[in-house]
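So the structure is just underneath, and the comments pick up after that.
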Amino acid sequence: MNPDNPKMGFFETIANIDRRVIFLFIGFAVIIPVLLSFSCTEEATPIVQAVYDEIESLPEGSKVLISFDYGPSTVPEVQPMIDALLRHSCEKNLKMYMMALWGTGHNLISESMQDIIEKEFPHKIYGVDYVNLGYKAGNQGLINVILTDMKKMYTTDARGSEIDAVPMMVDIRNLKSFDLILSMGGGFPGIKEWVLFGGDPGNIPVAGGATAVSAPLLYPYYPRQLLGLLGGIKGAAEYESALIKGYPKFKTHSHPAIDMMGPQTVAHIVIVFFIVIGNITFFIGRKREEGEKREGGVIK
Amino acid sequence: MRKDLVWLFAGILFFGLLYLLNWGVKAISTDLLVWIGAFLTLAILSFLYQDNAFYKFAEHLFVGVSAAYWMCMGFWNTLVPNLIAKLHPPIVKGVLPAIAEKPPEYWYIIPAALGIMFLMRLSPKAPWISRWALAFIVGTTTGLNLVRYLRSDFLGQIKSTLIPVIVVENGSLSVGGSFSNIVIVVGVLCGLIYFFFSKEHKGLFGVASRVGIYILMITFGASFGYTVMARISLLVGRMRFLLGDWMGLLQ
Amino acid sequence: MRRQIPVVITFIVGSVLIISVFIPHKPFGQLGENFSVYFDIIAVFAFILGAGNLLRVHGNRIYKKHKDWPYSVVTVAGFTVMMIAGLFKIGGSPGITGDLTEPGSMFEDLYMYVFTPLMATMFALLAFYVASASHRAFRAKNKEATVLLLAAFVILLGRTPFGVELTSWLPDPLSFLEIPNLASWIMSVPNMAGQRAIMVGIALGVIAMALRVILGVERTYLGADSE
Amino acid sequence: MIRFKIRLALILISASVLLLFGYISSPGQELEAPPEPLPAPPTNVVISDDPNDDGHTTIVSWQLSRDDGAGLNNVMAYEIFRSTSPEGEFLQVGVMGKGLDSYIDRGEKEKTRNGEPNPRYIGAGIDYYYKMRAKSTTGTYSEFSELVVGQAKNNWYHTGKTNIMIAVLIFSGLVIYFITAAKRGKELYVRPIAGIDAVDESIGRATEMGRPILFVLGTGTAADLATIAGYTILARVAKMTADYQTKVLVPVNEPVMLAVAQETVKSAYMEAGRPDMYDEQNIFYVTAMQFPFVAAVCGLMIREQTATNFYMGIFHAESLILAETGAITGAIQISGTDQLAQLPFFIAATDYTLIGEELYAASGYLSKEALLLGPVKAQDYAKVILLTLLGLAVITWSFGWGFFKSLISTIS
């Protein structure tokens, strides 16, 4: 707002709207639907369905490597995917090997194990049905190493037991021992590194979940190098819906992604609204400017 | 300054009202740790209005804690199991009993030496030695990256672009499919032409380069638009924490 | 001479790693792995340098009573507490045998209750900035900006039920113009083409840069010839 | 004209080398058989060396059991056993699902484990005995297949990577050729890059306003190539700020990067003849984590009121936080990254953006050093080869001629 200009009309005011007003709108667009628990339903798109179908088609006892490549900041987006994938894997009796390329992923593994596996599937045995391999530094270098030799890096599991004392680790030699790699996160290091350094050279199927930011740049790898992808909270909501469709008993479990779609949609509309307003005022402003130029008889 | 206070007051009033309306649903948190989390959350959010003492406090705390976090992670997860335990296993007996029994692997002396070389930077006498370690790091990354990018991002992407521009479906020509494939092929080619550096973008070449820049703009616009939703979900997570865990306004 | 040795080291290490990709024979096959492990170990040593610098900068501010010096005390205190909690694994299993991030340990608690809210909120700021940036940048100022705007707009609309409703009245033969279909076409066709062009370009840039470094043409990273 | 011919020849040679590697065929598979109570064992087990490893791997291949997918159709899996002697103890080394006809037996590389011989060890030049059996869906087993023997070898050349080797050779050849051409004093044209042309002006503006300049090298590692490109731009910017006597602030998020950034700025100041102006305190480490780093940099922008912000290197989610905070302070912002995901945000929120390859080219462009421009030329030639091949392949393929298509499929 410019108080020096008395001729400033409604459109100029809006055109030069203070960013803090936009911030306020966004804040309310999120707060109000959250308070009112407003939500929408989802249908799985092919790229999400592909992941679901892959897990659905794995025989019992197949080995799935789940890499927790994210941090607390992306928990709201990625955790719902992990929860749904873990539930699905437990239901299918797959062996789950959990590791992290991100230092921050370390804690998230323990949390996910507690919240999903231990709580909802208490008959699953640590070391037989699932194992926490913890975090190791090295980014793509780590993938590079475990592609040929897993136990070179993982001499113990995250609980400190020697790796060969963990029953489900005995017949694991390297990445090629796994039937599916799921990389969750989508940042660096993440799905791209798993595809380039693990999946491609080792010819192992890779799928995963990514924040919506990183999802578009993983599209070029789909479907040849990446068999499927959950993109952002929408992807997670779609997976949750697919899971509920396949196993209706999960309806009573938490489905945070589906819940989250409400506030997102509202905030989305607010942003679209501001873009429209921005353009309308921009054009009106330009028209007026042109008019003024003509009146003054000077062409700048 | 007055205006700020009015806003603050309005905010408190708004949430107070919400709180009153939902009274009896659930009480505000009594957990000190949740209060700390809420305080820090609000301190960062306050930066949206302007820089202030709360933000500065949160920022400085964040920096200090994270620097130490990373060091501890590096120490316990890399240095201890991957260096100390390799050079002298018995030393980690109290920490990683499983590894302590293994024979030492002396070639880990090399990275240790390189690490110490790097720290020579701090020495007044021979800081230049640190460049040897640096040269090693750079050489490693460079060598690894060269082949990787060549294989996956260069050769891999080219292969993916190899698609027919005339698509036949169920024995008849698919106009939509052919059009899409033409757009992909032309898009990739023109996009690459935009990245030509040693030739002036004039004439036909200039036209292709213009098409290339439009393709890039579509890419950027689309990726931006696609991402917006995710960015909001992060805020939803925080608001749930504030409204639910802290204020107890959510069921 | 002091400048030559590092260049030679980079050359040897870089080219050996490139060559080793093609030689499975010992010891080449494992060089890539081993060197990556080295890298991590050196990086941990480097953290000592970083922490030293951090403490020096903030120590200096406190000492010189710089304008914001009390905040520097916060940084130093935060660092010290977290460091002690982590190195001695305070509050975890007896001694230092437990996992660094064991539930209930001080390190884990600090992480959960101080670190997590800060990190997540910092990230959440993006929700606001994405709105202000799109308001400011998505304007039809010129042709490029218009294309940017249109692509973004269609995708944004395609992700809301509002956008779905907007064009659902279109007859079947024109269904490809419905916003969700248009949005997914943009994502998988022109967007993909653009991504590929950029990716191939970047790959070429990376490779050329790598060769510049290995051949010793590019040596800015080694700094000056200070004696 | 002669130069043109050399170039043409170069392209032709490269293309024809690529052509040489045009054909490689792939093996097929077979099945068939009548019913029986227990599944039949797999037959024709063959042990061969993995031609592309260092002598710790063998490849076991077999003909499917008659009851796999046909006959009794009750095979669920195949179990593979190995021993160092025909009478010795056999170790189950792998299980493969039905329908699969080979197994890569990757042995462990350590001869001993915990002081005892490691049964999972495979070494080069040692005889290994293998036998196999099929497991039925009901959990019963077939008889063992005949005992076979084989060895692993320590190989010198990875046959599967010839294409990459050729690509490396061609590209390195181009780079070296253009570097030597540049050394001979050849003039190289480089098209203008808007973001780089704005550097001088933006530094001038900061000087006029008497405000500092901010240079962020991103949140990658010190040795990432985008970060290295960032150093070269930093060197240039630092040199100019030394001339203009403007302060440049460089917060970094990685200790190794700190060392390099300090060296870079210091040498730029020395080159500009102003070593006295160099203040090490202006290049400082914040923390190795992305968000605390960004929190601090944003605070810095607001408090120091930086007039020009450079973001050069690898960026992640923080890109937009930085760029929007910078926009609030009214700074001129020039960004450059090779991170695809962040480019849209930089394009939207900063004044100039070096898109991917432009970042790499810029470091050559800025220095105007012929040596650094040479590789840029090589990049363009690689693109010419690529565009030609890809264009030819797609067009000829559409007309039913698959030669170029199979050529490209083979090389990539």
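Note on segment C:22-42: residues that are more than 7 Å from every other protein chain (Cβ to nearest Cβ) and either touching a residue at least 40 places away in the same chain (Cβ under 8 Å) or in contact with a Pro (Cβ under 9 Å, 6 or more places away or on another chain) (or both) amount to 1. Taking the residues in segment D:305-326 that are surrounded by fewer than 24 Cβ atoms within 10 Å (Cβ to Cβ) and not β-branched (Val, Ile, Thr) as candidates, determine which candidate is nearest to A:Gly190 (Cα to Cα). Among them, the one singled out is D:His316. The criterion of being touching a Leu at 6+ places or on another chain (Cβ under 6 Å) and either under 21 Å from B:Leu192 (Cα atoms) or in a helix (DSSP H, G or I) (or both) holds for D:Ala378. Out of the residues in segment B:56-107 that are within 10 Å of chain C (Cβ to nearest Cβ) and not in a helix (DSSP H, G or I), which is nearest to A:Ser161 (Cα to Cα)? The residue in question is B:Leu96.
If you go through segment B:108-137 and keep only what is of a type in the set (Ser, Thr, Tyr) and more than 8 Å from chain C (Cβ to nearest Cβ), you end up with B:Ser123, B:Ser130. Residues of segment D:206-218 include none that is under 15 Å from D:Ile334 (Cα atoms), in a loop (DSSP other than H, G, I, E, B) and among the aliphatic types (A, V, I, L, M). Step by step: first the residues of segment D:327-368, then only those that are under 27 Å from the mean Cα position of the chain (by Cα) and in a loop (DSSP other than H, G, I, E, B), then the one that is surrounded by the most Cβ atoms within 10 Å (Cβ to Cβ). Which residue is that? Here the answer is D:Asp338.
Of the residues examined, D:Ala134 is not one that is touching a strand residue (DSSP E or B) at 6+ places or on another chain (Cβ under 6 Å), in the same structural domain as D:His56 (by TED's automatic domain parsing) and over 20 Å from D:Gln63 (Cα atoms). Could you go through segment B:112-133 and let me know if any residue there is part of a helix (DSSP H, G or I), within 24 Å of A:Pro223 (Cβ to Cβ) and among the aromatic types (Phe, Trp, Tyr). No - not one qualifying residue is present in segment B:112-133.
Once segment C:135-167 is narrowed to residues that are within 11 Å of chain B (Cβ to nearest Cβ) and not in a helix (DSSP H, G or I), the residue that is surrounded by the most Cβ atoms within 10 Å (Cβ to Cβ) is C:Phe138.
Please list, ordered by residue number, the strands (runs of 3 or more DSSP E) wholly in segment D:33-142 having 2 or more residues that are surrounded by 14 or more Cβ atoms within 10 Å (Cβ to Cβ) and within 14 Å of chain C (Cβ to nearest Cβ).
On the way: elements: D:43-49, D:57-63, D:75-83, D:91-97, D:102-106, D:128-136.
Answer list for segment D:33-142: D:57-63, D:102-106.
Residues checked against (1) without any contact (Cβ under 8 Å) to a residue 60 or more places away in the chain; (2) more than 10 Å from chain B (Cβ to nearest Cβ); (3) assigned to a helix (DSSP H, G or I); (4) of a type outside the set (Lys, Arg):
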| site | (1), (2), (3), (4) |
| --- | --- |
| A:Ile26 | no, no, yes, yes |
| A:Glu42 | no, yes, no, yes |
| A:Val48 | no, yes, yes, yes |
| A:Glu60 | yes, yes, no, yes |
| A:Ile66 | no, yes, no, yes |
| A:Tyr70 | no, yes, no, yes |
| A:Glu77 | no, no, yes, yes |
| A:Ile82 | no, yes, yes, yes |
| A:Ser89 | yes, yes, yes, yes |
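Name the residues in segment D:247-276 that are in contact with a helix residue (DSSP H, G or I) (Cβ under 8 Å, 6 or more places away or on another chain), part of a helix (DSSP H, G or I) and surrounded by fewer than 24 Cβ atoms within 10 Å (Cβ to Cβ), would you? D:Gln262, D:Lys266, D:Ser267, D:Tyr269, D:Glu271, D:Pro275, listed by residue number.
When only residues in segment B:80-119 that are among the charged types (D, E, K, R) and within 20 Å of C:Ile42 (Cα to Cα) count, which is surrounded by the fewest Cβ atoms within 10 Å (Cβ to Cβ)? Before the answer, list the steps.
Initial filter on segment B:80-119 (among the charged types (D, E, K, R)): B:86, B:93, B:101-102, B:105.
Then drop every residue that is not within 20 Å of C:Ile42 (Cα to Cα), which leaves B:86, B:105.
Working: B:Lys86: 24, B:Glu105: 11.
Per the criteria, the residue is B:Glu105.
Consider A:Ala158 carefully, then state whether it is modelled with pLDDT of 80 or more and not polar (S, T, N, Q).
Values: modelled with pLDDT of 80 or more: yes; not polar (S, T, N, Q): yes.
It is true that A:Ala158 is modelled with pLDDT of 80 or more and not polar (S, T, N, Q).
Residues that are among the aromatic types (Phe, Trp, Tyr), surrounded by 17 or more Cβ atoms within 10 Å (Cβ to Cβ) and within 28 Å of A:Asp171 (Cα to Cα) are absent from segment A:12-24 altogether. Residues that are within 12 Å of chain C (Cβ to nearest Cβ) and either touching an Asp or Glu at 6+ places or on another chain (Cβ under 7 Å) or among the basic types (Lys, Arg) (or both) do occur in segment D:365-372. Taking the listed residues B:Asn82, B:Asn77, B:Asn52, the one that is closer than 26 Å to A:Phe23 by Cβ and not hydrophobic (A, V, I, L, M, F, W, C) is B:Asn52, with no other qualifying. Among the residues of segment D:369-394, the ones that are of a type outside the set (S, T, N, Q), under 24 Å from the mean Cα position of the chain (by Cα) and at pLDDT 85 or above come to 14 in all. Within segment A:161-187, the set of residues being in contact with a Pro (Cβ under 8 Å, 6 or more places away or on another chain) and closer than 20 Å to A:Thr104 by Cβ comprises just one member, A:Ile181. Filter segment A:125-156 down to residues that are surrounded by 19 or more Cβ atoms within 10 Å (Cβ to Cβ) and within 24 Å of A:Glu91 (Cα to Cα) and give me whichever is farthest from the other protein chains (Cβ to nearest Cβ). It comes out as A:Asp129.
Condition check ((1) hydrophobic (A, V, I, L, M, F, W, C); (2) in contact (Cβ under 8 Å) with a residue 12 or more places away in the chain) across all residues:
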site: B:Leu83; (1), (2): yes, yes
site: B:Pro90; (1), (2): no, no
site: B:Val95; (1), (2): yes, yes
site: B:Tyr106; (1), (2): no, yes
site: B:Ile109; (1), (2): yes, yes
site: B:Ala112; (1), (2): yes, yes
site: B:Ile116; (1), (2): yes, no
site: B:Leu119; (1), (2): yes, no
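When you look at B:Val147, is it at the interface with another protein chain (Cβ under 7 Å from one of its Cβ atoms), modelled with pLDDT under 90 and either more than 30 Å from A:Val266 (Cα to Cα) or crowded, with 24+ Cβ neighbours inside 10 Å (or both), yes or no? Considered against the rule, which asks whether it is at the interface with another protein chain (Cβ under 7 Å from one of its Cβ atoms), modelled with pLDDT under 90 and either more than 30 Å from A:Val266 (Cα to Cα) or crowded, with 24+ Cβ neighbours inside 10 Å (or both), B:Val147 comes out as yes.
The values are calculated or read from the model by the stated rules, or taken from the named source; none is laboratory data. These numbers come from a predicted model, not from an experiment. With ideal geometry, Cβ positions are generated from the backbone for all residues, glycine too; neighbour counts draw on all protein chains shown.
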